[in-house]
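Taking it in order: structure first as structure tokens, then the write-up.
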Amino acid sequence: MPDIRTVTTHCPYCALQCGTILTRERTGVVVRPSDFPVNQGGLCQKGWTAPTLLDTPDRLKHPLVRGNDGELRACSWDAALNVVAIGLRAAQREHGADAAAVFGGGGLTNEKAYLLGKFARVALGTRQIDYNGRFCMSSAAAAGSAAFGLDRGLPFPVTDLGRADVVMLAGANVAETMPPLMQHLTRPSLIVLDPRVSATAQRAALHLQPAPGTDLALVLGLLHIAVVDGFCDTGYVRSRTSGFDEAWKRAMTWWPERVERETGVPVADLRAAVRMLAEGERAYILTGRGVEQHSKGTDTVSGFINLALALGLPGIDGSGYGCLTGQGNGQGGREHGQKADQLPGYRSITDPAARQHIADQWGVDVASLPGPGRSAAELFASLGQEDGPRALLVFGSNPVVSAPDSQHVVERLRALDLLVVADFVPSETAQLADVVLPVTQWAEEEGTVTNLEGRVLRRRRLRVPPSHARSDLEVLHGLATRLGQPGHRFPTGAREVFEELRSASRGGIADYSGISYTRLDSGEALHWPCPRISRGHHPGTPRLFLDWFAHTDGRARFVPVEHRPPHDAATHHLPLWATTGRVLTQYQSGAQTRRVPDLHAANPEPFVEVHPDTAERAGVRDGQLARVTSARGSTIARVRVEPSMRTDTVFLPFHFPADGSANLITPAALDPRSRMPEFKVAAVRLDALSALAGPKSTTAGSSPVDSTGQTEVYG
Ligand SMILES: Nc1nc2c(c(=O)[nH]1)N[C@H]1C(S)=C(S)[C@@H](COP(=O)(O)OP(=O)(O)OC[C@H]3O[C@@H](n4cnc5c(=O)[nH]c(N)nc54)[C@H](O)[C@@H]3O)O[C@H]1N2
Ligand SMILES: Nc1nc2c(c(=O)[nH]1)N[C@H]1C(S)=C(S)[C@@H](COP(=O)(O)OP(=O)(O)OC[C@H]3O[C@@H](n4cnc5c(=O)[nH]c(N)nc54)[C@H](O)[C@@H]3O)O[C@H]1N2
Ligand code: SF4
Ligand SMILES: [Mo]
């Protein structure tokens, strides 16, 4: 394995995938930004400090197996993989194929995501595989597919935003979550929709500050104003869309004064937002988790797409709608088959032609391919239950901290016969595991990821991994062969896996068949779809929808949507809304960034942002510890009194574990179509910690329910 001095690669964290150059110096690995159009020489603090994690003192160095005494102990790879294979087979022998389950992540490379899906369907023959992207952009994906016939976060390059006159950021705090993106947002006027005066809202020309969970009413109101005030692009609607009348019927009753009452946003601001979007020559509407992570997230995104269609934005060069994908490979991670209902190439696992194509690719009988499994939250809720899995493999997620109603998730994980976690640090989930498998990190392996603009990028190896770490691909190979699979079916080389992936994706929605490591290594900017063609090379598709949308009639579809309240109701006992999100220096469950001293020092503990009047009413002071309690349980956080907060809303970051975890209070109420949990609204009470007695947290009311009581299949 070559040990190289310098490589050009990409940041291990978010979907922006800033370009970086890594160098091995005597002092360790050093990072600097590369000349990549997305970050244009910029990196956020997470990017600058990313190499620190490579040599973090508590990095996992040996496989660990839990002994009869309950202690995790180092052992050989052979021994650990044998324990896993025997445990998986025992569970399946006794309880059927679906007794083994797999949970993946949107941080995994395309190659890993692909091989993980193949491993679940072929080596385990289980239906039960899903991934943390279900918690991330599943609502936007479902709404995007319904409207446009395919789901690619941004159907245009990020650099297009720099030419815009106006950009609406609906529930996205990019100044903290994708800081280098702000370089592309200096020219356009920003309209920000956020219940908080976020770092991004501070840069906005217009900030709408709705109550959490009211965005659907808000956007129905914006559509209402657009139509009534004559801003609807009727020519575009007639020639490029279908379904306007039904969508308009719902928006008709959302007159501005009603919207103001529901959302708290003044009518004048609603009108100003529509006027700015309509009068800008080039305009974009972008959604983030703030509007998507709700039990009505899919409908809310449909509402924003309806507004964009009425204004004639999507599929026009210089304008559009997009969803800001979150994780490093949040886009590619949702295309290659680690979703419960999906086969590679963004194919549906229930489509007979898709099943046949993939079965042929994999050299297996089509009848052996399982059908769709449970979505993430439903999978967690079923673990160890009568009809649920008894064994779970986790690759690239830390659900003990990041899943909704997490206390209940911990109980379910504890009920398993076998929990296996592959990670490079002892995450909170790894600490619960029966077997922990130490894997290599981004700078120690090859692969590809697909960034938020659908551009496929090469991650490159800089250095040799620690001697006992194996790559996820090697782990899957080791397990598959122990489960009786021929070794060649589970290659360990990223390039080989990519060759298989591109062939499997051929003819699918996300077609990578024209992309190769050779083309990527020569510096080509390749956005999917990029099919293999008989003569020459397909150039890839940086801008989608310019001529057609991906439905068979080539039109985009309005989807009729109606507002509904959140799962929780505010009561005398739980009078406030809690919403959750991110801070600049911590990433996700914090498993990685809490181990980077410079990042952790900037935000070392859980906090809750509270308006001064709300704090006073609750009897809490700035800097004090407070307990935030919902119907699920309670969490402890330090009070930050913040005059710009709404008086009915508090905000907590979700990056912290144990009794400071925000997900102790979030509901596992699910969107009926995307199965997205309601991370962004919980009814809560705030109390000074000292004034409290009684149980630390409760776990009542825990099985996931969708907000409408429906159980239809998700998108
Ligand atoms: N620093 C940092 N950067 C990250 C990540 C990280 O963990 N840390 N994670 C990455 C990932 S995976 C993702 S998905 C992205 C997420 O990126 P964002 O979507 O920007 O992140 P959030 O902070 O979850 O939510 C954005 C904003 O939504 C607001 N919000 C809360 N409730 C509501 C509501 O009901 N309506 C509206 N309109 N707004 C609401 C919050 O106040 C918050 O400011 O970030 C990526 N980048
Ligand atoms: N309350 C609340 N909860 C939320 C959200 C919210 O806004 N509010 N946001 C949700 C969103 S958008 C997301 S994306 C999720 C994310 O939440 P998680 O799924 O928990 O994401 P991470 O913390 O990134 O966990 C990744 C884990 O995998 C490890 N890892 C990283 N790369 C690899 C790899 O290549 N291989 C292996 N084997 N392991 C790897 C890391 O060390 C880490 O332990 O959280 C969700 N939870
Ligand atoms: S913005 Fe995202 S990709 Fe860029 S340096 Fe920061 S974490 Fe890395
Ligand atoms: Mo995410």
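Within the option set L53, L88, being touching a residue at least 40 places away in the same chain (Cβ under 8 Å) and either assigned by TED's automatic domain parsing to the domain that holds L161 or over 30 Å from L343 (Cβ atoms) (or both) holds for one residue only, L53.
Any residue in the range 132-144 that is in contact (Cβ under 8 Å) with a residue 24 or more places away in the chain, open to solvent by 10 Å² or more (accessible area, probe 1.4 Å) and under 26 Å from E474 (Cβ atoms)? Yes, that holds for at least one residue. Filtering the range 596-615 to residues that are open to solvent by 40 Å² or more (accessible area, probe 1.4 Å) and not small (G, A, S) leaves P597, D598, H600, P604, E605, P612, D613. Selection of the range 37-71 for residues being closer than 30 Å to V456 by Cβ, part of a loop (DSSP other than H, G, I, E, B) and in contact with a Pro (Cβ under 8 Å, 6 or more places away or on another chain) yields P37, V38, N39, Q40, G41, G42, L43, C44, R59, L60. Candidates in the range 42-73 are the residues that are touching a Gly at 6+ places or on another chain (Cβ under 9 Å) and surrounded by fewer than 16 Cβ atoms within 10 Å (Cβ to Cβ); of these, the one that is farthest from D417 (Cα to Cα) is D55. Once the range 160-174 is narrowed to residues that are in contact (Cβ under 8 Å) with a residue 40 or more places away in the chain and either of a type in the set (G, A, S) or in a strand (DSSP E or B) (or both), the residue that is nearest to Q586 (Cα to Cα) is A172.
Tell me whether the range 139-150 contains one or more residues that are more than 15 Å from ligand 2 (Cβ to nearest atom), under 23 Å from L181 (Cα atoms) and in a helix (DSSP H, G or I). Yes, the range 139-150 contains a residue that is more than 15 Å from ligand 2 (Cβ to nearest atom), under 23 Å from L181 (Cα atoms) and in a helix (DSSP H, G or I). Among the residues examined, P37 qualifies as open to solvent by 20 Å² or more (accessible area, probe 1.4 Å), of a type outside the set (F, W, Y) and touching a helix residue (DSSP H, G or I) at 6+ places or on another chain (Cβ under 7 Å). Within the range 217-225, is there a residue that is assigned to a helix (DSSP H, G or I), in contact (Cβ under 8 Å) with a residue 60 or more places away in the chain and either among the charged types (D, E, K, R) or open to solvent by 20 Å² or more (accessible area, probe 1.4 Å) (or both)? No: the range 217-225 contains no residue that is assigned to a helix (DSSP H, G or I), in contact (Cβ under 8 Å) with a residue 60 or more places away in the chain and either among the charged types (D, E, K, R) or open to solvent by 20 Å² or more (accessible area, probe 1.4 Å) (or both).
For the range 2-25, does any single residue satisfy the condition of being open to solvent by 10 Å² or more (accessible area, probe 1.4 Å), farther than 30 Å from L526 by Cα and more than 13 Å from ligand 3 (Cβ to nearest atom)? Yes, the range 2-25 has at least one match.
Quick check on this structure: which one of T126, T49 is more than 16 Å from ligand 3 (Cβ to nearest atom) and among the hydroxyl-bearing types (S, T, Y)? Talk me through it step by step, then tell me what you get.
Details: T49 fails: more than 16 Å from ligand 3 (Cβ to nearest atom).
None of the other options fit; the residue is T126.
Checking G290, G337, G333 one by one, the residue that is buried (at least 24 other Cβ atoms within 10 Å of the Cβ), within 16 Å of ligand 3 (Cβ to nearest atom), touching a residue at least 24 places away in the same chain (Cβ under 8 Å) and farther than 19 Å from F545 by Cβ is G333 and no other.
The values are calculated or read from the model by the stated rules, or taken from the named source; none is laboratory data. Just so it is clear, the model here is predicted, and its values are computed rather than measured. Cβ: placed from backbone, ideal geometry, glycine included. Neighbour counts: every protein chain shown. Heavy atoms of the whole protein, side chains included, go into the accessibility calculation; ligands, DNA and RNA do not. Shrake-Rupley method; radii C 1.70, N 1.55, O 1.52, S 1.80 Å.
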